[in-house]
């Protein structure tokens, strides 16, 4: 599955067959089929999922290679945790939408490979490993792959109703709530982006310490939908604390949209990129009919409509007008993972009684 295209939708040479992007495309296509009932999306998703299982899967050590070529030849045999989260996500959606047990089984097995081989001694997950999952020396950690593991487990619960998936989701969620999240006296809270080898937040901007605002909003909608899957009600309470922080610290009340980062010294990176806007709108939709969040949803939608939609070629620009004018936007079309998630959330709200 190719996911990298220039503004005119010409494939970027050499950009295909990365495990993350391949899996995201499978997810996007099966979501497209679910939303439209267009069989072309289902057929393409099946071809992508079957290629994933046939060529990315490691028959000797389990898990999935990070990169293969168009013929399935392995180009990078390492195991990447972030990529594996999207494998579980894609296969879970394939199993749920098609009803086919082989995809559900493959999703459960993929998750078992992650759980059994990539968990670290502190309760988190290693960022990556060698092909055989051999123990590695400690390095920096990120909340990003943990977040997408939690997202994938929610999808796995929906697809399989497997009790172990529910228990594992609770363990991952509790790790985030009680290990990673930082509570503030105001009652709000945030989840830092980078940590040391024992999951202590990096406090130095020079070492990479910051708070990603878009990821705060992602956690908002993930935690808010967790209770209906059988997870504790406290997750929704935490979601509200994260939302309070994200809106107060990272939302542009004047022009709409959310900023990029907040550094440990309090400085805010005010650039506006495409995917955080999609995740913020998804979070605003998840909150419900609260007037303050409806207003911000509409304001952000207006920003996207006026500054981020590529009306000449279709698709989105990667940033708002001011961000692109500063030379911070690439020339590629964004891949569809974040946009599809936002669209599905909007459709669900529009179709609800």
Apart from one, (1) over 29 Å from residue 333 (Cα atoms); (2) in contact with a helix residue (DSSP H, G or I) (Cβ under 9 Å, 6 or more places away or on another chain); (3) in contact (Cβ under 8 Å) with a residue 40 or more places away in the chain all hold for residue 241; the odd one out is (2)
Among (1) in a helix (DSSP H, G or I); (2) in contact with a helix residue (DSSP H, G or I) (Cβ under 8 Å, 6 or more places away or on another chain), which single condition is residue 186 missing? (1)
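Is it true that some residue in the stretch 96-103 is at pLDDT 95 or above, outside the structural domain of residue 217 (by TED's automatic domain parsing), over 27 Å from residue 39 (Cα atoms) and loosely packed, with under 15 Cβ neighbours inside 10 Å? Give the steps one after another, and end with the answer.
So in the stretch 96-103, the residues at pLDDT 95 or above come out as 96-103.
Right, trim to outside the structural domain of residue 217 (by TED's automatic domain parsing) and you get 96-103.
So of that shortlist, the ones also over 27 Å from residue 39 (Cα atoms) come out as none.
No; the residues of the stretch 96-103 include none that is at pLDDT 95 or above, outside the structural domain of residue 217 (by TED's automatic domain parsing), over 27 Å from residue 39 (Cα atoms) and loosely packed, with under 15 Cβ neighbours inside 10 Å.
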State the number of residues belonging to the stretch 194-232 that are more than 24 Å from residue 294 (Cβ to Cβ) and in a loop (DSSP other than H, G, I, E, B). 17
Quick check on residue 298: is it within 27 Å of residue 174 (Cα to Cα) and surrounded by fewer than 24 Cβ atoms within 10 Å (Cβ to Cβ)? no
Residues in the stretch 203-222: is at least one in contact (Cβ under 8 Å) with a residue 24 or more places away in the chain, over 23 Å from residue 248 (Cα atoms) and touching a helix residue (DSSP H, G or I) at 6+ places or on another chain (Cβ under 9 Å)? no
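If you go through the stretch 258-299 one residue at a time, how many are within 19 Å of the chain's Cα centre (by Cα) and closer than 23 Å to residue 186 by Cβ?
So the first thing to find is which residues in the stretch 258-299 are within 19 Å of the chain's Cα centre (by Cα), and the list is 258-261, 272-287.
With closer than 23 Å to residue 186 by Cβ added as a condition, the list becomes 258-261, 276, 279-280, 283-284, 286-287.
Total satisfying the criteria: 11.
Do we find a residue being outside the structural domain of residue 263 (by TED's automatic domain parsing) and either more than 30 Å from residue 94 (Cβ to Cβ) or exposed (fewer than 13 other Cβ atoms within 10 Å of the Cβ) (or both) anywhere in the stretch 123-133?
Within the stretch 123-133, one or more residues are outside the structural domain of residue 263 (by TED's automatic domain parsing) and either more than 30 Å from residue 94 (Cβ to Cβ) or exposed (fewer than 13 other Cβ atoms within 10 Å of the Cβ) (or both).
On the basis of being in contact with a helix residue (DSSP H, G or I) (Cβ under 7 Å, 6 or more places away or on another chain), farther than 26 Å from residue 2 by Cα and surrounded by fewer than 21 Cβ atoms within 10 Å (Cβ to Cβ), does residue 260 make the cut? Steps first, please.
Values: in contact with a helix residue (DSSP H, G or I) (Cβ under 7 Å, 6 or more places away or on another chain): yes; farther than 26 Å from residue 2 by Cα: yes; surrounded by fewer than 21 Cβ atoms within 10 Å (Cβ to Cβ): yes.
Answer is yes for this residue.
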Given (1) more than 26 Å from residue 239 (Cα to Cα); (2) in contact (Cβ under 8 Å) with a residue 12 or more places away in the chain; (3) more than 17 Å from the chain's Cα centre (by Cα), number of the condition residue 116 does not satisfy: (2)
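The values are calculated or read from the model by the stated rules, or taken from the named source; none is laboratory data. Quick caveat: nothing in here was measured; it's all calculated off a predicted structure. All Cβ positions, glycine included, derive from the backbone under ideal geometry; neighbour counts span all protein chains shown.
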